[in-house]
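**Q** Have a look at the structure that comes next, please.
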Amino acid sequence: MIRVALPYHLRNLARVDGEVQLETAKPATLGTVLEALEERYPVLRGTIREHGTLKRRAFVRFFACREDWSHEAPDKPLPQAVADGEEPLMIIGAIAGG
Amino acid sequence: MSKIRILAGTKKGAFILTSDGKRKQWKVAGPLFAGWEVYHMKGSAADPDRIYASQSSGWFGQIIQRSDDGGRTWNTPGSTADELKSPDGFPKGESNKFVYEGKTGTHKWYDGSQHPWEFKRIWHLEPSLTDPETVYAGAEDAAIFKTTNGGKTWQELPGLRQAKGDLWQPGAGGMAVHTILVDPKNAKRIFVAISAAGVFRTDDAGKTWKPANRGLVSRFELPDPDAEVGHCVHRIAMHPSRPNVLFMQKHWDVMRSDNGGGSWKEVSGDLPSDFGFPIDVHAQEPDTIFVVPIKSDSEHFPPDGKLRVYRSRTGGGEWEALTKGLPQRDCYVNVLRDSMAVDSLEPCGVYFGTTGGQIYASANGGNSWNAIVRDLPPVLSVETQVLR
């Protein structure tokens with residue numbers, strides 16, 4: 001079970017409290033986790049990655065085990081601690097201007 | 001007695017203000033979608049409890065919200081897992097999926113080069129006058145989209161961008177379809193206005209569009225006096241009884257067309273400034289119009305620190321300042337293009353929101369004003385609904 005921490009506005013949009021727990025295909029990657037997240041909460045489609053291109057939106061960031069995964073390939077396996085549910089994958093709205 | 005509902009979009013959420021027909025006491029509900037920019041909310045004329053809202057953010061993109069109970073509860077249409085699957089189990093479109101049709105194409109960029117169209121947000125939602133499920137959406141970068149299923153899916157009407165779209169150029173505020181007017185007597189005729197491209201008209205329900213800018217003069221932006229596109233139109237308005245007569249607040253100049261946008265003439269007359277954003281028409285008097293003059297395009301606040309609505313009872317040309325109840329000193333707010341609306345009660349109600357967070361209301365056609373709320377986030381849009 002993968003744990004995902006969503007930013008405030010996306011928790012409101014998806015109407016969830018706290019972390020989200022997801023089953024994903026193995027190995028767990030950014031791509032498989034986002035796929036599972038959007039499958040469970042379709043309202044989040046287009047809010048984290050763009051429609052069509054599936055590129056990460058510019059002011060969204062991913063962190064895993066205190067490391068910035070925002071620029072990692074979507075098919076790169078996530079750290080084992082995230083895959084095992086010991087640590088959450090954190091999706092964060094960047095601290096960006098005004 | 002009639003009730004009235006004001007739908008206000010702001011930089012940090014949406015608010016719904018309600019009153020009875022006297023329009024003296026107001027209740028303020030909100031913020032809805034707190035923290036998000038709500039460029040526009042509008043109710044369906046065919047079903048006033050059906051309200052659409054455009055919610056967006058620089059972080060998380062575009063969301064379309066819909067209420068079926070007059071704004072008490074909201075949902076993103078078509079966003080349950082079941083609704084998003086075809087019978088074969090494949091994903092369908094989504095309510096916030098705005099994808100340009102066909103080859104994306106390019107438009108003119110600030111340096112004169114060509115730049116690909118990039119969807120940013122929906123500025124304006126215009127529900128059909130007869131079908132609550134049908135809505136037009138004006139987008140930045142400029143395009144018009146349509147839903148016929150209550151916002152579950154949206155399709156572009158690509159003919160608009162074929163009307164010399166390669167020559168359209170963004171202004172400082174972007175390049176967006178910010179006004180959509182559907183002819184109440186002929187639903188196939190629609191007008192849109194785009195900054196900074198101009199007015200465009202379709203007579204075949206959006207398949208084909210033609211520029212409707214003859215007579216506009218933009219000497220500082222467009223050296224060519226006959227330029228068909230490229231005009232920075234801030235807003236257009238019509239009275240439902242007289243859809244061939246259009247009024248326009250342009251970047252500079254207030255204009256009028258008596259032939260459905262076939263040609264325009266200037267009616268700025270004796271205004272203290274012919275720059276501004278909103279323009280609207282009195283509900284019962286088709287030749288009474290309202291504007292809010294702004295000092296200049298580089299200052300974006302009222303002349304002399306005095307917030308004045310100007311009213312013309314002659315369809316332009318001759319204007320009178322309306323000041324009673326409005327601040328007449330030290331006022332430096334702006335009034336944005338979608339932030340003025342009228343109601344259909346008698347006497348006509350007129351409303352406008354400011355970038356300072358006030359919403360001013362007049363229950364007597366503009367003769368006197370009252371701030372019905374003072375400290376909202378900057379107001380992006382104001383719409384009214386009369387509930388009978």
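**Q** Averaged over A:38-50, how many beta carbons belonging to a partner chain fall within 10 Å of each residue's beta carbon?
**A** Mean shielding by partner chains, rounded to a whole number: 6.
**Q** For the stretch B:152-233, what does the equivalent ellipsoid look like in terms of its semi-axes, each the square root of 5 times an eigenvalue of the Cα gyration tensor, given largest first in whole Å?
**A** Semi-axes from the Cα gyration tensor: 23, 14, 11 Å.
**Q** Something else now. Restricting things to alpha carbons, find the Rg to Rh ratio for the stretch A:2-93 using the Kirkwood radius for Rh.
**A** Answer for the stretch A:2-93: 0.91.
**Q** Which FRET efficiency value, to the nearest 0.05, is calculated for B:ARG388 and B:ASN259 with the Förster distance at 25 angstrom and r the Cβ-Cβ distance?
**A** Result of the calculation: an efficiency of 0.15.
**Q** Quick one: which residues, 5+ away or cross-chain, put their amide H under 5 Å from the amide H of B:LYS295? H built at 1.01 Å from N.
**A** Long-range HN contacts for B:LYS295: B:HIS300, B:PHE301.
**Q** Explain nothing, just the number: dipole magnitude of chain B about its Cα centre with +1 on each Lys and Arg Cβ and -1 on each Asp and Glu Cβ, in debye rounded to the nearest 20.
**A** Once rounded to the nearest 20, the dipole reads 640 debye.
**Q** Going out from 0 in 10 Å bins, what whole percent of all Cα-Cα distances in the stretch B:282-375 drops into each bin?
**A** 17, 53, 28, 3
**Q** Given the Cα-Cα distance of A:SER70 and A:ARG11 and 0.36 nm per residue of separation, how much length would full extension add, in nm?
**A** Gain in length upon complete extension: 19.3 nm.
**Q** Follow-up. Can you compute 3J(HN,Hα) from phi for each residue in the stretch B:136-149, using the Karplus curve 6.51 cos²θ - 1.76 cosθ + 1.60 with θ = phi - 60°, rounded to whole Hz and x for Gly and Pro?
**A** 9, 10, x, 10, 10, 5, 3, 6, 10, 10, 9, 10, 10, 10
**Q** Send over the Kirkwood Rh of the stretch B:214-281, from the inverse of the averaged 1/r over different Cα pairs, rounded to one decimal Å.
**A** 12.2
**Q** Give, in nm to one decimal, the length gained when the segment between B:SER241 and B:SER113 is fully stretched (0.36 nm per residue of separation minus the Cα-Cα distance).
**A** This chain segment gains 41.8 nm when fully extended.
**Q** Mind checking the dipole of the protein assembly as shown: about its Cα centre, +1 per Lys or Arg Cβ, -1 per Asp or Glu Cβ, Debye to the nearest 20?
**A** In debye, rounded to 20, the protein assembly as shown gives about 780.
**Q** Percent of alpha carbon pairs in chain B separated by more than 25 Å?
**A** Considering chain B, 53 percent of its Cα-Cα pairs are separated by more than 25 Å.
**Q** From Cα pairs below 8 angstrom and at least 6 apart in sequence, can you work out the relative contact order of chain B, rounded to a whole percent?
**A** 12
**Q** I've got another one for you. Taking +1 at the Cβ of each Lys and Arg and -1 at the Cβ of each Asp and Glu, which of A:PRO74, A:VAL43, A:PHE62 sits farthest along the dipole of the stretch A:2-93 towards its positive end, judged by Cα position relative to the Cα centre?
**A** Value computed over the given set: A:VAL43.
**Q** With both partners inside the protein assembly as shown, how many of the DSSP beta bridges are antiparallel, as a percent to the nearest 5?
**A** 95
**Q** Between B:ALA205 and B:ASN149, with labels modelled 7 Å along Cα→Cβ, what's the label distance in nm to one decimal, could you check?
**A** Here the answer is 1.8 nm between the modelled labels.
**Q** What is the calculated FRET efficiency for B:ASP47 to A:GLU35, with r their C-beta to C-beta distance and R₀ = 41 Å, to the nearest 0.05?
**A** After rounding, the FRET efficiency stands at 0.65.
**Q** Defining a contact as two alpha carbons under 8 Å apart and six or more residues distant in sequence, what relative contact order in percent does the stretch A:2-93 show?
**A** 37
**Q** Turning to a different aspect of this structure: Whole-Hz Karplus ³J(HN,Hα) for the stretch B:273-286, in order, using 6.51 cos²θ - 1.76 cosθ + 1.60 and θ = phi - 60°, x for Gly and Pro?
**A** 8, 9, 9, x, 10, x, 8, 8, 10, 3, 5, 10, 10, x
**Q** Testing the spin-label approximation: label points 7 Å from Cα along Cα→Cβ at B:ASN75 and B:GLN284. State their distance in nm.
**A** Here the answer is 4.0 nm between the modelled labels.
**Q** Once a ≥ b ≥ c are taken as the square roots of the eigenvalues of the Cα gyration tensor of the stretch B:223-336, is the result rounded (a/c under 1.5), prolate (a/b larger than b/c) or oblate (a/b not larger than b/c)?
**A** Since a/c reaches 1.5 but b/c is at least a/b, the shape of the stretch B:223-336 is classed as oblate.
**Q** For A:LYS55 and A:ALA94 in one chain, what is 0.36 nm times their gap in residues minus the Cα-Cα distance, to one decimal in nm?
**A** Result for the pair: 12.5 nm of gain on full extension.
**Q** Using a/c under 1.5 as the rounded threshold, could you call the stretch B:161-298 rounded, prolate or oblate? The axes a ≥ b ≥ c are square roots of the C-alpha gyration tensor eigenvalues, and prolate needs a/b larger than b/c, oblate otherwise.
**A** Because a/c hits 1.5 or more and a/b fails to exceed b/c, the stretch B:161-298 counts as oblate.
**Q** Placing unit charges on C-beta atoms (Lys and Arg positive, Asp and Glu negative, everything else neutral), compute the dipole magnitude of the stretch B:196-339 about its Cα centre in debye, rounded to 20.
**A** Here the stretch B:196-339 has a charge dipole of around 280 debye.
**Q** Any chance you could list the semi-axes, whole Å, largest first, of the equivalent ellipsoid that the Cα gyration tensor gives for the protein assembly as shown, using √(5λ)?
**A** Working through the eigenvalues yields semi-axes of 40, 25, 21 Å.
Read the figures in this text as sums done on the coordinates, not as results from a lab. What you see is a predicted model, and the numbers here were worked out from it, not measured in a lab. A quick note on method: Cβ atoms are made from the backbone with ideal geometry, for glycine too, and the neighbour counts reach across all protein chains shown.
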